[in-house]
Amino acid sequence: MYRTGSKNARTNRKTFVAGICGLKLNIVFVMITLGIVGIQKGQANELITVEQLKELGMQIKTAEDKLHNIKVSAELWVEINSNPKDPCAIWQQTPIYVSSTMWSDGKPGSKIRVDVHNQVLRWERKENPDSFSERSFSNSFDGAKGRSIIKTSGPLGKVAPVMNGVVMTEKPQSLSSSWSRRYTGREFTTNFFTLNSQGSLLSDLFILAEDPNSKVMECFEFSFEKLMGVECIKINTEEAKTQNWSERWWLDPARGFSLLRYEHVRILEDNTEFFIKLIEVQNLREVTEGVWWPTEVTCIVEPLHSDGAYMKLIYRASKVIANDPNFDETVFSPNFPKGYTVDDKVTGETYVVDVNN
């Protein structure tokens, strides 16, 4: 529903609300039934008052500000279920896989670097529609310039060196893609939780709720609800009353308002619900005082290909280091290796890196 973007619109309340309340969707709905993914409904809701929302907003803002830098090593692989209407259907593992290391200054939309050590994706080819490609690369943004380093690429198991690099004035687009946000874990954590294309943060939503002109309370319902025995804050889109879809978030205030569950569902006329996307966080780790990072996550998403298969993304973070006092921000400006051909779109030059360059 919301897209990641710049973070400089905290004060623009009209734009913020328009981005939330006036959004139009064009989505191919995923017909994954509730029974298949095992929704367990929470206990009865206790609505949160406007006064409580303001206080919660300040607490969430404090939690957001605790993260100053982070390094995450993670893996993600994909399983498919070609018959999601059958509760007995078995998810099958695919070759699709990513291993990566991410560095971030902890601020959504700010400095970041992602090294993809190995990425295997479906390679759409008419002569061989079931083939896969394999790549390794690095993308980064230091706040002023973006860099892209393409190391290897080719068919699965037959990669060859590419040795190309690009310097640009903006962040590489792939860093903001849903795919990148998933395999780095950013989509599964409220530390990088942006609500709209203007980059409004979760705390903004709660704090703005006290402003009657913001119409936040017309767009969302806030409540306390237990999920799997955990006392959570639940956010539910009020559009469900007039539209045929709904979004829901469950946050754990005892663990830095971490995301525990997210549902994006289609609602039929008989109130039957089908998933468009489901995120379930199975494990959280306190990586520094007051900062929790998801280390085990399952995410079910709509099909990306014409074969009609629904995907289960399985995310595992193996190593997480947060608020390192010796964190070196030069990591966001990696040097191009010797022998690489670099297209510098800032200076307009193209050159080959040698020992002295």
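Derivation of every value follows stated rules applied to the coordinates shown; laboratory data play no part. All values derive from a computational prediction rather than experimental measurement. Ideal geometry is used to build each Cβ from the backbone, glycine not excepted, and the neighbour counts take in all protein chains shown.
Taking 0.36 nm per residue of separation and subtracting the Cα-Cα distance, what length does fully extending Lys226 through Ile321 add?
Stretched fully, the Lys226-Ile321 segment lengthens by 31.2 nm.
Would you please give the FRET efficiency between Glu46 and Thr298, computed as 1/(1 + (r/R0)^6) with r the Cβ-Cβ distance and R0 = 30 Å, to the nearest 0.05?
So the FRET efficiency works out to roughly 0.60.
Kindly rank 212-224, 317-329 from highest to lowest mean number of other beta carbons found within 10 Å of each residue. Working shown, then result.
Values: 212-224: 16.5, 317-329: 14.0.
With the highest mean Cβ count within 10 Å placed first, the list reads 212-224, 317-329.
How far apart, in nanometres, would the label points at Tyr351 and Glu329 be if each is projected 7 angstrom from Cα along the Cα-to-Cβ direction?
2.5
Stretch Ala89-Thr101 to full length: gain in nm at 0.36 nm per residue minus the Cα-Cα span?
Computed gain between Ala89 and Thr101 is 1.0 nm.
With the radius of gyration and the Kirkwood radius both derived from the Cα set of region 220-333, what is their ratio Rg to Rh?
Reported Rg/Rh, Kirkwood definition of Rh: 1.06.
Within the set Lys226/Lys312; Lys61/Lys151; Lys151/Lys345; Lys71/Lys226; Lys145/Lys215; Lys66/Lys171, which residue pairs have Cα atoms separated by over 29 Å? Walk me through the intermediate numbers first.
Values: Lys226/Lys312 25 Å; Lys61/Lys151 39 Å; Lys151/Lys345 19 Å; Lys71/Lys226 32 Å; Lys145/Lys215 37 Å; Lys66/Lys171 24 Å.
Flagged as over cut-off: Lys61/Lys151; Lys71/Lys226; Lys145/Lys215.
What percentage of all Cα-Cα pairs in region 50-163 are separated by more than 26 Å?
Numbers: 2957 of 6441 pairs.
Summing the P(r) of region 50-163 above 26 Å gives 46 percent of all pairs.
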